[in-house]
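These notes concern the structure reproduced below.
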Amino acid sequence: MQISKASPLHGELSVPGDKSISHRAVMFGSLAKGTTEITNFLQGADCLSTIACFRQMGISIENTPEHILIHGRGLHGLTAPSSVLDAGNSGTTTRLISGILSGQSFSSVLTGDESIQSRPMKRIMTPLSMMGADITSIHGNGCAPLQINGRPLKAVHYNSPVASAQVKSCVLLAGMYGDGITSVTEPVLSRNHSELMLRHFGAKVLSEGTTASIYPEPQLQGRYISVPGDISSAAYFIAAGLLVPGSQILIKNVGVNPTRDGILKVCSAMGADITRLNENNDSGEPTADLLVKSSELHGTVIEGELIPTLIDEIPMLAVMAAFASGTTIIRDAAELKVKESDRIAVMTENLSLMGVDIEATSDGMIIRGGRPVHGAAVDSRLDHRIAMSFAVAALAAEGTTTIKDASCVRISYPNFYEDLFSFMK
Ligand code: S3P
C-alpha cells in the first residue's frame, strides 16, 4: 500500500462496531437461553473467528448484513467440537474462550495463527489452574495450542499481576462454572465490557474499585445488543483529522466508555481540538459523536492508570507524538511487547525510518517530536494497528510511504483504506 501526503480532510464517517464488545456479544449470546440479536457487529477477521468457534460447539449463528442472530443454548448447552478450535489472530477469542472451555463437560484443543502461538497464555493458565482447570500448553512453552479438558471448577479470588481485560474476563467466565463467587482484582482497572454485558444478560456481577466478582450458574437470557463504534478504530481518524492541517472530521457513534477513552484525555493534554456531541448512554455503553479539527499538538507524558484505557491506541499516539512539538514519554506500557507484534520495537523501527527521533525503553517509548517526518518503506509485521497507524503517518509526512502487508487491517477494520481514501476525493 502506497500513501502520500494529503491535502485537508473533510467529511464524516461511522467507524465499524467495537471489537471487544462484538466478541463478547457472540460469546454471551451463545451461553444465554434464547435469541440474541446484535446490530453493528464488527465483521473483522477476529470476531469472525469467535463466531466460527461457537458454531463448532453447536451454536446456530446467522450472519446477515442487517444483524447477527445467535440461537443460544444456555450455560451448559455447548457441545464438543469435532476438530481443533481456531482463534486466528485473536487474543480475546483465545483467552476468553479458554475460561469457558475450562468449565465444560468435554475436552477441546484451541489454537490460532503464528502470532497467537507466540503470545503468553500462562497469564490465564495460572488462575484457571488455581480454579482446578485442566489446561496445558501442548508444546510446553506457555503458548497455544492449548489442551483444555473441561471439569467442575472451584471459585477463587485472583489477584492479577497484569491489568488485562482478557485475563479478568477469562477468570470471570470460568467463574460462571465455579462453586461460589469468583473475583478478580487487577492492579489498574482495565476495560469493563464483560462486567457491563454479563449484567445486561442477567448475571450477578459486582464491581468495586479494581475488583470484579461473579456469582456462579447465572441464568443468562438472550438480549438485543447494539454495538457502538470502536474508539480504537476511530483513533486513526481522530489522528488524521488532527495531523493533516486544515482538516475537520465528524466521527459518529463512537463508544466512549471511561475504561476506553484514554486517547481523548491524551489528545486534550496534547492540545487537540475535539468536541463530544450527541452523548448517549441508552445501550449501557456510553457513546458520542466526535468533531475533530486539525490542531498544533505538543508532547505529553502517558503513564499509569491511563495505560489500560488506551493500550491499543499507543501506536497511533506514538505517531501523533512524532508530529507534536516537544517530547512525549510513554511508560508503564510493557504490555505492548506481547500484543499482535512487539509494538515498542516495531513502532521504534518504523518511525526511525521516517526520520523520527524515537527511543525504545523497557516499558514504553520516548519521542522527541517536531523534526521533519518523511515517507519510508515500513513493515506492518502483520499487525493491523501498526498498518493503520502508518497509513495515517503517511498522510502527514513529506513524500510517499509504502506499507508492507497492509491488508492485515482486515483483523479489525476490513474497509479501513476505503474509509480513509473517501476523505481524499
Ligand atoms: C481486549 C483487551 C486488551 C486489548 C485487546 C482487546 C479485550 O488486551 O489490547 O485488543 O477485548 O478484552 P489485554 O487484556 O491483554 O490488555
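The values are calculated or read from the model by the stated rules, or taken from the named source; none is laboratory data. Because the structure is predicted, anything quoted here is derived from the model rather than measured. Glycine also receives a Cβ, built like all others from the backbone with ideal geometry; neighbour counts cover every protein chain displayed.
The residues of segment 315-337 that are in contact with a strand residue (DSSP E or B) (Cβ under 6 Å, 6 or more places away or on another chain) and within 13 Å of the ligand (Cβ to nearest atom) amount to a single one, ALA333. Screening ASP289 against (1) of a type in the set (D, E, K, R); (2) surrounded by fewer than 16 Cβ atoms within 10 Å (Cβ to Cβ); (3) closer than 22 Å to ASN257 by Cβ leaves a single unmet condition, (2).
Every condition in (1) within 16 Å of the ligand (Cβ to nearest atom); (2) over 19 Å from the mean Cα position of the chain (by Cα); (3) of a type in the set (Phe, Trp, Tyr) is met by TYR224 except one, and the failing one is (1).
Cβ-Cβ distances below 6 Å connect the following pairs, each with a first residue in segment 166-177 that is more than 11 Å from the ligand (Cβ to nearest atom), a second residue that is part of a loop (DSSP other than H, G, I, E, B) and of a type in the set (A, V, I, L, M), and a separation of six or more residues or different chains: ALA174/MET131; ALA174/LEU153; TYR177/LEU153.
Answer yes or no as to whether ALA240 is in the same structural domain as LEU172 (by TED's automatic domain parsing) and not in a strand (DSSP E or B). The answer is no for ALA240. The criterion of being at pLDDT 95 or above and either assigned by TED's automatic domain parsing to the domain that holds GLU12 or assigned to a loop (DSSP other than H, G, I, E, B) (or both) holds for SER232. Per the conditions (1) modelled with pLDDT under 95; (2) among the charged types (D, E, K, R); (3) buried (at least 23 other Cβ atoms within 10 Å of the Cβ), the sole criterion not satisfied by LYS425 is (3).
Could you tell me how many of the residues in segment 37-58 are more than 15 Å from the chain's Cα centre (by Cα) and closer than 17 Å to GLU285 by Cα?
Here the count works out to 4.
Here's a check for you: in segment 27-67, which residue that is outside any helix (DSSP H, G or I) and touching a helix residue (DSSP H, G or I) at 6+ places or on another chain (Cβ under 7 Å) is farthest from LEU220 (Cα to Cα)? If we take residues in segment 27-67 being outside any helix (DSSP H, G or I) and touching a helix residue (DSSP H, G or I) at 6+ places or on another chain (Cβ under 7 Å), then GLY44 is farthest from LEU220 (Cα to Cα). Just name the residue that is nearest to the ligand (Cβ to nearest atom) out of those in segment 6-25 that are part of a strand (DSSP E or B), small (Gly, Ala, Ser) and within 23 Å of the chain's Cα centre (by Cα). So the residue we want is GLY17.
Could you tell me which residue of segment 338-381 is nearest to the chain's Cα centre (by Cα), considering only residues that are assigned to a helix (DSSP H, G or I) and surrounded by fewer than 18 Cβ atoms within 10 Å (Cβ to Cβ)?
VAL338
Of all residues in segment 143-158, those satisfying the criterion of being in contact with a helix residue (DSSP H, G or I) (Cβ under 9 Å, 6 or more places away or on another chain) and either over 14 Å from GLY132 (Cα atoms) or part of a loop (DSSP other than H, G, I, E, B) (or both) are CYS143, ALA144, PRO145, LEU146, GLY150, ARG151, LEU153, LYS154, ALA155, VAL156. Residue pairs whose Cβ atoms lie under 6 Å apart, separated by 6 or more positions or on different chains, with the first residue in segment 319-336 and free of Cβ contacts under 8 Å to residues at least 12 places away in the same chain and the second more than 13 Å from the ligand (Cβ to nearest atom) and of a type in the set (A, V, I, L, M, F, W, C), do not occur.
Just the residues that are among the polar types (S, T, N, Q) and within 21 Å of PRO228 (Cβ to Cβ), please, taken from segment 50-81. Scanning segment 50-81 gives THR50, ASN63, THR64. When you scan segment 322-336, do you find a residue that is in a helix (DSSP H, G or I), more than 27 Å from GLY229 (Cα to Cα) and of a type in the set (D, E, K, R), even just one? Checked segment 322-336: no residue is in a helix (DSSP H, G or I), more than 27 Å from GLY229 (Cα to Cα) and of a type in the set (D, E, K, R).
Here ILE251 fulfils each of the conditions (1) outside the structural domain of ALA25 (by TED's automatic domain parsing); (2) in contact with a strand residue (DSSP E or B) (Cβ under 8 Å, 6 or more places away or on another chain); (3) more than 16 Å from THR287 (Cα to Cα); (4) not aromatic (Phe, Trp, Tyr) apart from (3). Comparison of GLU296, GLU305 shows that the only residue that is assigned to a helix (DSSP H, G or I), surrounded by fewer than 21 Cβ atoms within 10 Å (Cβ to Cβ) and in the same structural domain as PHE390 (by TED's automatic domain parsing) is GLU305. Restricting ILE70, ILE97, ILE116 to residues that are assigned by TED's automatic domain parsing to the domain that holds GLY175 and either more than 16 Å from the ligand (Cβ to nearest atom) or modelled with pLDDT under 95 (or both) narrows the list to ILE70.
Residue count for segment 188-204, restricted to those that are more than 12 Å from the ligand (Cβ to nearest atom) and under 24 Å from ALA133 (Cα atoms): 3. Scanning segment 248-274 for residues that are crowded, with 20+ Cβ neighbours inside 10 Å and small (Gly, Ala, Ser) yields GLY255, GLY262, ALA272. What do you reckon, is ILE124 under 24 Å from the mean Cα position of the chain (by Cα), within 16 Å of the ligand (Cβ to nearest atom) and closer than 22 Å to GLY29 by Cα? No; evaluated as a whole, the condition is false for this residue.
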